[in-house]
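Some notes on the structure that comes next.
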Amino acid sequence: MLRYIYVSHTGSIKTVKVWIRNTWDWLDVQLRKSDVDYIQRHYATRRECVPTLRRRGKNWYLDFTFEENIKLEDKPIDRQIIIGVDLGINNACTYSAMLSDGTVIGRKILSLPGEKDSLWHKLNKIKKAQQHGAGKMPRLWAKAKGVNLDIAHKTAQFIADAAMLYCADVIVFEHLDTQGKKRGLKKQKLHHWRAQAVQRIVADKAHRDGVRVRHVCAWNTSKLAFDGFGEVERDEHNYSMCTFKTGKRYHCDLSASYNIGARYFIREILKSLPAKARLGIEAKVPQCTRRTTCTLSTLLSLNAELVA
């Protein structure tokens, strides 16, 4: 519980009801003027909730939370602009801005090579310390986790900025299941891959700006070529590049972002059709019936049948 007392030139004093000396009592807390000015500048129109007293290291801090109501726009599917996002291990993020007819109006890749080099440098320090018999090493792990969290925040901000740049209505992610035991040569990268954290941060930022967040099936988004010519062949040395069956070389994460955006539009278009019309479309475009094989070419074929 919190009770507001007064505001002074050096800050403000708030009283917080805490469990102290075997009873609930009010305790005065002095806030800095910079913190009070920040709250009044950015959160004056939001409802202040009960603060939380948390311990970080040897100090105790008050975490203030605020609530606000945001109305998300509900545009028709043919007027929506989406951001199809592919979160990767080699590249932090690849996005494509798309329209409902399959037109790609923007695309970009975020690599963050410096941050990833710093992360693997710190992980190698931990590895060497473990080889020499070190135990828990909290300081080394704290540095590595801090760099990893910084990568997640920069990736989330990159996606949120892209949504604002193209005035997107929806941000589309893959539904990633990272539970269970990791196997293979990239199991360490998978273990430190914070894809779920990135999606949570983006959802918070997007909802504050009135942008929706949706998820699609992740199966075969990177495995299938966006032009509909089957599976791709990954390069052994540069895993981000692939070769289509037609011989064309393309960025694999960029192709996956096309497929992610296309799967969202295919799902929403078919949901908006009556049952009879949907069955007729699925008979002419059989790839639509199985969502795990849908690509950008499937969306183009679907729009062609709708126009016809």
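Okay, here's what the table says:
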| item | result |
| --- | --- |
| Test result for Thr103, touching a Lys or Arg at 6+ places or on another chain (Cβ under 9 Å) and of a type in the set (Val, Ile, Thr) | no |
| Qualifying residues in the range 209-242 (those that are within 30 Å of Ala144 (Cβ to Cβ) and in contact (Cβ under 8 Å) with a residue 24 or more places away in the chain) - the one farthest from the chain's Cα centre (by Cα) | Tyr239 |
| Residue among Lys186, Lys128, Lys122 that is closer than 30 Å to Thr292 by Cα and charged (D, E, K, R) | Lys186 |
| Some residue of the range 230-238 being within 20 Å of Ala97 (Cα to Cα) and touching a strand residue (DSSP E or B) at 6+ places or on another chain (Cβ under 8 Å) | no |
| Every residue from the range 28-64 that is open to solvent by 60 Å² or more (accessible area, probe 1.4 Å), farther than 30 Å from Ala142 by Cβ and not small (Gly, Ala, Ser) | Asp28, Lys33, Gln40, Arg41, Thr45, Arg47, Glu48 |
| Positions within the range 45-64 being part of a loop (DSSP other than H, G, I, E, B) and not aliphatic (A, V, I, L, M), in sequence order | Thr45, Arg46, Cys49, Pro51, Gly57, Lys58, Phe64 |
| Failed criterion for Ile171 (all others in (1) assigned to a helix (DSSP H, G or I); (2) touching a strand residue (DSSP E or B) at 6+ places or on another chain (Cβ under 7 Å) hold) | (1) |
| Exclusive hit being closer than 18 Å to His215 by Cβ, at pLDDT 95 or above and within 22 Å of the chain's Cα centre (by Cα), set Asp161, Asp86, Asp150 | Asp86 |
| Residue in the range 157-176 that is over 23 Å from Asp204 (Cβ atoms), touching a residue at least 24 places away in the same chain (Cβ under 8 Å) and surrounded by 15 or more Cβ atoms within 10 Å (Cβ to Cβ) present | no |
| Residue ID - farthest from Cys217 (Cα to Cα), chosen from residues in the range 288-300 that are free of Cβ contacts under 8 Å to residues at least 40 places away in the same chain and surrounded by 16 or more Cβ atoms within 10 Å (Cβ to Cβ) | Cys288 |
| Residue match in the range 223-231 (condition: in contact with a Lys or Arg (Cβ under 9 Å, 6 or more places away or on another chain) and open to solvent by less than 30 Å² (accessible area, probe 1.4 Å)) | yes |
| Considering residues of the range 69-89 that are of a type in the set (A, V, I, L, M) and part of a loop (DSSP other than H, G, I, E, B) only, the residue least open to solvent (accessible area, probe 1.4 Å) | Leu87 |
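Yes/no per residue for (1) among the aliphatic types (A, V, I, L, M); (2) open to solvent by 60 Å² or more (accessible area, probe 1.4 Å); (3) under 28 Å from the mean Cα position of the chain (by Cα):
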| residue | (1), (2), (3) |
| --- | --- |
| Arg263 | no, no, yes |
| Ser272 | no, yes, yes |
| Lys276 | no, yes, no |
| Val307 | yes, yes, no |
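Yes or no, residue by residue, for (1) modelled with pLDDT of 95 or more; (2) out of contact with any Phe, Trp or Tyr (no Cβ under 7 Å at 6 or more places or on another chain); (3) in a helix (DSSP H, G or I):
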| residue | (1), (2), (3) |
| --- | --- |
| Met98 | yes, yes, no |
| Gly133 | no, yes, no |
| Trp141 | no, yes, yes |
| Thr155 | yes, yes, yes |
| Lys182 | no, yes, no |
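The values are calculated or read from the model by the stated rules, or taken from the named source; none is laboratory data. As the structure is a computational prediction, the values presented were derived from the model and not from experiment. Note: ideal-geometry Cβ built from the backbone for every residue, glycine included; neighbour counts use all protein chains shown. Just so you know, the surface numbers come from the protein's heavy atoms only, side chains and all, with ligands and any DNA or RNA stripped out. Shrake-Rupley method; radii C 1.70, N 1.55, O 1.52, S 1.80 Å.
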